[in-house]
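The values are calculated or read from the model by the stated rules, or taken from the named source; none is laboratory data. Given the structure is predicted, the values throughout are model-derived calculations rather than measurements. Neighbour counts run over all protein chains shown; Cβ positions are idealised from the backbone, glycine included.
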Amino acid sequence: MSFKRIDLLICCGSGCISAGALKIKERFHEVLAEHNISNEVNMIETGCMGPCDYGPVMVIYPEGIFYKKVTVEDVEEIVTEHFIKGRPVARLMLQEEEKVIAAKKDVPFYQKQIKVALENCGYIDPESMDEYIATGGYEALGMVLTGMSPQDVINVIKESGLRGRGGGGFPTHIKWQMVHDNKSGEKYVICNGDEGDPGAFMDRSLLEGDPHRVLEGMMIAAYAMGATNGFFYIRAEYPLAIARIKLAISQAKELGLMGENIFDSGFSFDAEVRTGAGAFVCGEEMALIHSIEGQRGNPTPKPPYPAVQGLWGKPTVVNNVETFGNIPTIIRKGAKWFSEMGTEKSKGTKVFALTGDIRNTGLVEVPMGITLRELIFDVGGGMIGDGKFKAVQLGGPSGGCLTVDHLDVGVDYESLKERGAMMGSGGVIVMNDEKCMVNVAKFFMDFCVEESCGKCSPCRIGLKQMLEILERITSGRGREGDIEELQRLGESISKLSLCGLGQTAPNPVLSTIRYFREEYETHIRDKSCQNKVCLDLMHFNIDKDRCIGCSLCARKCPVTCITGSREDKYIIHQLECIKCGNCFDVCPVKAIDKIPGIHPDTAAHLQAMEKVTQKYDD
Amino acid sequence: MASVTQDSSRLYDKLAEVIEEKKDLRNPLIEILRIAQEIFGYLPVEVQEFVAEKMGIPASKIYGVVTFYNFFSMKPRGKYTLNVCTGTACFVKGAPRLIQMIAEELGVQMGETTEDGRFTMSAVRCVGACSLAPVFVIGEDTFGRIDNKDKVKEILARYE
């Protein structure tokens, strides 16, 4: 028998894998073998530890040392210095204002976090059922099956105040109760893992990092409402999540925790995995159900709600991955423990994916009600580089942008909604003052136009109309009244659309108009993008005083619109310029500036063109 | 389907086997189409008609499903699919510029395949590597923090 004196936890979340974690793992295998200490080190591939920006990261126990940005070349040093000589490698540790932070528990990123759904994520091997059980896994299922009635379970969830983590925030127990009360002999439970929000990877990380927890949560839900069959609906873009949940199901079956008559309780349960095929609208529960049925994922009117007539016409509960992830802990630690966290109406914690112009991008779990300031500046570490905080986008294509005035708003379902954003599934995108909000609104509108299923016209035609107006504004053809038209369209689309996608799609535009109206106005009136993002409303210019006449820009220009000589210096011929930015990037002395507004030459040309067309029209 | 060559008839046989195996599952259409796409690389009308006949489903319904989901393609794809992430994090960190650089390098626009059949460029919404934004993916390899054309060139050269 080997004695393992060191636990080496290598984060294999998607961020760290992209940064090369698997190569590092291989290298560890080699180096440990070379030094003949393979049997002393317990190497574990864990799910996402959270601080993706530091990736690849690892934690080494018993000391709990946290290493960041490890490369293949560092492995030798870690093994010889740390593992063999017992001297942790200080240069790989986090340094905060000249202080070296050795232990994971002292890393500022983790300070304000409370992990409930992510309790084991980054701590255990997601492919080992034993490790999950060792951390208290399946204890909740045992408690429920051997000592609680289905109604008891629903009551606990009701007392806990848990609300759906997919975005809407619908109280979980109400759905469960409805299906529980239904007398149908055939009921279904579905786990919604169709995480389509761009910029969000919470569900993915949980499915990859702690699949058994989600499965246990689903089984408890199934018991509470009398369902015997479950479906995991997971995006095709998440192959690892699909593989891990499939593995968890087969492990649970092997151990008898799933299948017929579990724990002699008379409760039987089976689950299968269905993969999505790339349609954002399938995150909507009716659309998702139709997709499992092998149809186009079109939403259908509610009522009837899925709890009455869902999958194959039978009562069905659809819950988000994170919602299920909370269930086992609530059962184990009690409703009171859970409801002590959070605010009056939003209980517990919420997982967020922090991204954008922020120092600590990554996966975090914080108590509800935390202020945006704490989330962005304490947990997130503040802005990266010199940029100032400008806006934060919450809730993806259905959400909205909030500003510096909202930093002290608590993050809960109601507060965010009141201000035009929404909790959504948990994507948080922080933007600095170089971003153009009109362009951001256009991005989300473009997304929704593409993802609209086309079933109902307010969404199909109305969103397209909104996008065209936004395109007009960002290309310099904006007209007086466009802002009002966008608002009018947005409000009617919200009211008239059938499903959540259409109802919420205008939010990014409406919220940016609400808080950044002057940016829309400069785009329309001054034909200028102050942040130099909208290419038609900015131009490049070479500063003659700084130009050294090296000709590099002229050589790199794909349309040869830069001419000059060493003596005369170089100029850009504005009419031919396609604004690719190559010259800006290659200039060795940074003599090229981005300038807001249309260049006078271009403006004169456009005006002349307009006259011609007008004549033609007349 | 009179003109099927020896090669493609083998592919159809394989598909027929898959359909036979999955037929009795509850609503396996999307699963079957996924595997069909794996076998043929894409889903031309002929393949859709074949599935329709074997499963006893109207071809119109299959066409409806194929055109609904982004995952399915009715056009042949290149040897490698280069997916540029256009999630929000990548967008704010410069995905449009990255797309422009790749387009210039490959000489194709979004959704098109290079003439030599090496790459198809397409867009995906978030690959969950937001910390590395902007990102693109070829097969299972992710490339992040791509901020200049030389990096793009160097990476593309690795794929023969």
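Go through region A:46-68 residue by residue and tally those that are closer than 15 Å to A:Cys12 by Cα, touching a residue at least 40 places away in the same chain (Cβ under 8 Å) and assigned to a loop (DSSP other than H, G, I, E, B).
Total satisfying the criteria: 8.
Yes or no, residue by residue, for (1) out of contact with any strand residue (DSSP E or B) (no Cβ under 9 Å at 6 or more places or on another chain); (2) more than 22 Å from A:Tyr132 (Cα to Cα):
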site	(1), (2)
A:Ile6	no, no
A:Leu9	no, no
A:Gly20	yes, yes
A:Asn42	no, no
A:Met49	no, no
A:Tyr61	no, no
A:Ile78	no, yes
A:Ile101	no, yes
A:Phe109	no, yes
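Yes or no, residue by residue, for (1) part of a helix (DSSP H, G or I); (2) in contact with a Phe, Trp or Tyr (Cβ under 6 Å, 6 or more places away or on another chain); (3) modelled with pLDDT of 95 or more; (4) assigned by TED's automatic domain parsing to the domain that holds A:Asp446:
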| residue | (1), (2), (3), (4) |
| --- | --- |
| A:Glu468 | yes, no, yes, yes |
| A:Lys495 | yes, no, yes, yes |
| A:Gly502 | yes, no, no, yes |
| A:Arg514 | yes, no, yes, yes |
| A:Arg555 | yes, no, no, no |
| A:Thr560 | no, no, no, no |
| A:Glu576 | no, no, no, no |
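How many of the residues in region A:300-316 are out of contact with any Pro (no Cβ under 8 Å at 6 or more places or on another chain) and either in contact (Cβ under 8 Å) with a residue 12 or more places away in the chain or away from chain B (no Cβ under 14 Å) (or both)?
Selection size over region A:300-316: 10.
Quick check on A:Gly196: is it in contact with a helix residue (DSSP H, G or I) (Cβ under 7 Å, 6 or more places away or on another chain), without any contact (Cβ under 8 Å) to a residue 60 or more places away in the chain and not in a helix (DSSP H, G or I)?
In short, no.
Quick check on A:Asp357: is it acidic (Asp, Glu), buried (at least 19 other Cβ atoms within 10 Å of the Cβ) and touching a residue at least 40 places away in the same chain (Cβ under 8 Å)?
Judged against the criteria, A:Asp357 is a match.
Inside region A:224-256, can you point out the residues that are more than 14 Å from chain B (Cβ to nearest Cβ), of a type outside the set (S, T, N, Q), part of a helix (DSSP H, G or I) and without any contact (Cβ under 8 Å) to a residue 60 or more places away in the chain?
A:Ile245, A:Ile249, A:Lys253, A:Glu254
Looking at region A:172-192, which of the residues that are surrounded by fewer than 17 Cβ atoms within 10 Å (Cβ to Cβ) and in a helix (DSSP H, G or I) is farthest from the chain's Cα centre (by Cα)?
The extreme case among them is A:Asp181.
Please verify whether B:Ala123 is in contact (Cβ under 8 Å) with a residue 12 or more places away in the chain, more than 14 Å from the chain's Cα centre (by Cα) and outside any loop (DSSP other than H, G, I, E, B), treating the condition exactly as stated.
Judged against the criteria, B:Ala123 is not a match.
Conditions tested, residue by residue: (1) among the β-branched types (Val, Ile, Thr); (2) outside the structural domain of A:Met219 (by TED's automatic domain parsing); (3) more than 30 Å from the chain's Cα centre (by Cα).
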{"residue": "A:Glu76", "(1), (2), (3)": "no, yes, yes"}
{"residue": "A:Val79", "(1), (2), (3)": "yes, yes, yes"}
{"residue": "A:Lys85", "(1), (2), (3)": "no, yes, yes"}
{"residue": "A:Ala90", "(1), (2), (3)": "no, yes, yes"}
{"residue": "A:Gly142", "(1), (2), (3)": "no, no, yes"}
{"residue": "A:Leu145", "(1), (2), (3)": "no, no, yes"}
{"residue": "A:Met148", "(1), (2), (3)": "no, no, yes"}
{"residue": "A:Ser160", "(1), (2), (3)": "no, no, no"}
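Can A:Gly86 be described as at positive phi and out of contact with any helix residue (DSSP H, G or I) (no Cβ under 8 Å at 6 or more places or on another chain)?
Criteria met by A:Gly86.
In the set B:Gly64, B:Gly111, B:Gly78, which member is on the phi > 0 side of the Ramachandran plot and not aliphatic (A, V, I, L, M)?
Exactly one of B:Gly64, B:Gly111, B:Gly78 is on the phi > 0 side of the Ramachandran plot and not aliphatic (A, V, I, L, M), namely B:Gly111.
Residues A:Gly297, A:Gly276, A:Gly283: which one is at pLDDT below 90 and within 11 Å of chain B (Cβ to nearest Cβ)?
Just a single option satisfies the conditions, and that option is A:Gly276.
For a quick check of your reading of the model, give me the residue pairs whose first member lies in region A:8-28 and is at positive phi, whose second is of a type outside the set (D, E, K, R) and surrounded by 23 or more Cβ atoms within 10 Å (Cβ to Cβ), with beta-carbon atoms closer than 8 Å and at least 6 apart or on different chains.
Going by the 8 Å Cβ cut-off, the qualifying pairs are A:Gly20/A:Pro56.
Of the residues that sit in region A:10-45 and are of a type in the set (Val, Ile, Thr) and assigned to a helix (DSSP H, G or I), which one is farthest from A:Pro126 (Cα to Cα)?
So, considering only residues that are of a type in the set (Val, Ile, Thr) and assigned to a helix (DSSP H, G or I), the one farthest from A:Pro126 (Cα to Cα) is A:Val31.
Output the residue which, of all residues in region B:65-112 that are of a type in the set (Lys, Arg) and surrounded by fewer than 19 Cβ atoms within 10 Å (Cβ to Cβ), is nearest to A:Ile429 (Cα to Cα).
B:Arg97
Output the residues belonging to region B:52-105 that are of a type in the set (D, E, K, R) and within 12 Å of chain A (Cβ to nearest Cβ).
B:Lys61, B:Lys93, B:Arg97, B:Glu104, B:Glu105
Could you list all residues from region A:511-545 that are surrounded by fewer than 23 Cβ atoms within 10 Å (Cβ to Cβ), more than 17 Å from A:Met431 (Cα to Cα) and of a type in the set (A, V, I, L, M)?
Those that are surrounded by fewer than 23 Cβ atoms within 10 Å (Cβ to Cβ), more than 17 Å from A:Met431 (Cα to Cα) and of a type in the set (A, V, I, L, M): A:Ile524, A:Leu535, A:Met538, A:Ile542.
To keep it simple, each residue is scored yes or no on (1) at pLDDT 95 or above; (2) crowded, with 24+ Cβ neighbours inside 10 Å.
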position	(1), (2)
A:Ile154	yes, no
A:Phe170	no, no
A:Ala200	no, yes
A:Ser205	no, yes
A:Val214	yes, yes
A:Tyr238	no, yes
A:Ser250	yes, no
